[in-house]
Amino acid sequence: MRRVVARAAYVVLLALVAAAFGTVTAMVRTRPGRALLARLLSEESNRLVRGSITIGKISGDFVSTLALESVVIRDTAGALLADVGRLDLRFRL
């Protein structure tokens with residue numbers, strides 16, 4: 001009985017890991033996934049800052065480089081603070 005429960009837990013765990021990996025890969029490696037990620041970041045940034053941040057496109061490998069295109073930052077009154085054509089980010093995980 002223990003083997004059956006252990007095997008079922010192992011299969012469920014592997015399925016969850018595979019589903020998470022597939023979702024992250026689809027969001028990061030495909031053009032529609034990156035567009036969805038840019039829209040999601042633009043919408044969720046309103047909770048983090050008082051103004052608004054709009055991101056047009058996201059590219060890069062997400063491990064060491066990230067490029068944000070058409071980044072527009074506005075304050076609470078709607079006045080333009082920054083309009084960046086392309087923002088290149090380099091980092092190490």
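Couplings for the stretch 65-78, taken from phi via the Karplus curve 6.51 cos²θ - 1.76 cosθ + 1.60 with θ = phi - 60°, read 10, 8, 10, 10, 10, 6, 8, 10, 10, 10, 7, 5, 7, x Hz in order; Gly and Pro are left as x.
Compute the length gained on full extension between Arg31 and Phe62: take 0.36 nm times their separation in residues and subtract their Cα-Cα distance, giving the result in nm to one decimal. Provide the component values of the computation, followed by the final result.
Numbers: separation 31, 0.36 × 31 = 11.16 nm, distance 1.37 nm.
Taking 0.36 nm per residue and subtracting the Cα distance, the gain is 9.8 nm.
In terms of packing, defined here as the mean over residues of other Cβ atoms within 10 angstrom, the peptides 31-41, 73-83 line up highest first as 31-41, 73-83. To the nearest ten degrees, helix 31-48 and the longest principal axis of the Cα atoms of the chain are 70 degrees apart.
Could you state the angle between the C-alpha long axis of helix 2-29 and the longest principal axis of the C-alpha atoms of the chain, as a value from 0 to 90 degrees rounded to the nearest 10? That works out to roughly 20 degrees.
Charges were assigned to the Cβ only: +1 to each Lys and Arg, -1 to each Asp and Glu. The resulting dipole of the chain about its Cα centre is roughly 540 debye. Taking the inverse of the mean 1/r over every pair of distinct Cα atoms in the chain gives a Kirkwood hydrodynamic radius of 15.7 Å.
We did not get these values from a lab; they are worked out from the coordinates using the rules stated. What you see is a predicted model, and the numbers here were worked out from it, not measured in a lab. Cβ atoms come from the backbone with ideal geometry, glycine included; neighbour counts cover every protein chain shown.
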